[in-house]
Amino acid sequence: MSPQIFQNLLRRGSGFVKLHQNLVSRSYSVAASTSTEQSSSDEFILKYIEKEGQGKIAVLGMNRPRAKNAFSKNLIAKFEESIHTVRFDKDVRAVIIRSLVPGIFCAGADLKERLTMKASEVGPFVARLRAFVSAMETMPMPIIAALDGAALGGGLEMALACDLRVASDSAKMGLVETRLAIIPGGGGTQRLPRIVGPAIAKELIFTGRVIDGAEAHQIGLVNQVVEQNKEGDAAYNRAVELAEEILPNGPIGVRMAKIAISRGSEVDLASGLAIEEQCYAQIVNTKDRIEGLVAFKEKRPPRFQGE
């Protein structure tokens, strides 16, 4: 999404949602000071936070300040590569998606790049975006979206595919596609109703309304909302704390719980209970389950290995 369109969409937010001008101006300041020749390899960063004896947290960071972290072909490719790497790393027990650009999470599709595409190229590109978001959703470990800035269109759709969302109170969120005479194409029409309910989802999508972190928390769109700090990374810091709460727990148990909840929530109760039973059966013969029982008996912290 181009900076001008991005700014216009934010301006047209609902009357009771006031723009946080400092965040917008700060993000433009960062963009102005960034070289126009930014290397594509700098647009995305994968790093790890390691906790001794408890595995790792993978942090996926977007860094396209001039484009507001909009999804380009290159950025999607970087995401796809990192998701594949992290998916098969048994030491990774939680994933955080964040922005390295102050005041911005992700502006959605790169509309400047989209304008250069032929009509025949748009469908495959959107399908690729949808597939990568779905691949993220099916990651075996929990994924947390840290929303420290504006998440519009595809940016919010990516956050919706995460298991948990943490937002700063000043973050802005919205599926604004109807203002551009299109609809959310990255899963927004399906995931948003499952999170906040059909009625609220319809209201937000039909109006293209932009809401802040506090209202997002009120309607259940985000799990937690935190007051933004002067560094602009309060949501990320809280996401790290949340991930660190997950790390000590049995990784296989957490992964099976994710499958049971995610798949079970889309079927009737009887089918959901059957899924739960199947997931529990996967845990019975693991070393971690025995370690949990032994540690409880010996009154010591368990040392789970993911086996």
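The values are calculated or read from the model by the stated rules, or taken from the named source; none is laboratory data. Everything numeric here is computed off the predicted structure, so don't read it as measured data. Every residue, glycine as well, gets a Cβ built from its backbone with ideal geometry; the counts of neighbours run over all protein chains shown. Only protein heavy atoms, including side chains, enter the accessible area calculation; ligands, DNA and RNA are left aside. Shrake-Rupley method; radii C 1.70, N 1.55, O 1.52, S 1.80 Å.
Within the stretch 177-213, the only residue that satisfies the criterion of being surrounded by fewer than 22 Cβ atoms within 10 Å (Cβ to Cβ), among the hydrophobic types (A, V, I, L, M, F, W, C), touching a Ser or Thr at 6+ places or on another chain (Cβ under 9 Å) and under 24 Å from R238 (Cβ atoms) is I211. Among the residues making up the stretch 214-234, those that are under 19 Å from R194 (Cα atoms) and surrounded by 21 or more Cβ atoms within 10 Å (Cβ to Cβ) are A216, L221, V222.
Evaluated against (1) under 30 Å from E277 (Cβ atoms); (2) in contact with a Ser or Thr (Cβ under 7 Å, 6 or more places away or on another chain); (3) of a type in the set (S, T, N, Q), N249 falls short on exactly one condition, (2). Checked against (1) touching a Lys or Arg at 6+ places or on another chain (Cβ under 9 Å); (2) farther than 28 Å from N223 by Cα; (3) among the aliphatic types (A, V, I, L, M), L147 passes all but a single condition, namely (2).
Before we move on, is S262 among the hydroxyl-bearing types (S, T, Y) and closer than 22 Å to R165 by Cβ? Spelling it out, S262 is indeed among the hydroxyl-bearing types (S, T, Y) and closer than 22 Å to R165 by Cβ.
I'm trying to understand the selection: among the residues of the stretch 168-185, which are on the phi < 0 side of the Ramachandran plot and hydrophobic (A, V, I, L, M, F, W, C)? Residues satisfying the conditions are A171, M173, L175, V176, L180, I182, I183. For Q305, the conditions (1) in contact with a Leu (Cβ under 9 Å, 6 or more places away or on another chain); (2) modelled with pLDDT under 95; (3) open to solvent by 40 Å² or more (accessible area, probe 1.4 Å) all hold with the exception of (1). Every condition in (1) assigned to a loop (DSSP other than H, G, I, E, B); (2) modelled with pLDDT of 95 or more; (3) more than 12 Å from the chain's Cα centre (by Cα) holds for G185 except the one numbered (2). In the condition set (1) touching a strand residue (DSSP E or B) at 6+ places or on another chain (Cβ under 8 Å); (2) at positive phi, G220 is compliant with all but (1). For the stretch 235-247, the count of residues that are surrounded by fewer than 18 Cβ atoms within 10 Å (Cβ to Cβ) and either touching a Cys at 6+ places or on another chain (Cβ under 8 Å) or outside any helix (DSSP H, G or I) (or both) is zero. If you go through the stretch 249-270 and keep only what is surrounded by fewer than 16 Cβ atoms within 10 Å (Cβ to Cβ), in contact with a Lys or Arg (Cβ under 9 Å, 6 or more places away or on another chain) and either of a type outside the set (S, T, Y) or part of a helix (DSSP H, G or I) (or both), you end up with just E266.
Filtering the stretch 271-302 to residues that are part of a loop (DSSP other than H, G, I, E, B) and exposed (fewer than 13 other Cβ atoms within 10 Å of the Cβ) leaves N285, K299, R300, P301. Within the stretch 163-182, identify whether any single residue is in contact with a Pro (Cβ under 8 Å, 6 or more places away or on another chain), farther than 25 Å from P65 by Cα and either of a type in the set (A, V, I, L, M) or free of Cβ contacts under 8 Å to residues at least 40 places away in the same chain (or both), and answer yes or no. Scanning the stretch 163-182, I find no residue that is in contact with a Pro (Cβ under 8 Å, 6 or more places away or on another chain), farther than 25 Å from P65 by Cα and either of a type in the set (A, V, I, L, M) or free of Cβ contacts under 8 Å to residues at least 40 places away in the same chain (or both), so the answer is no.
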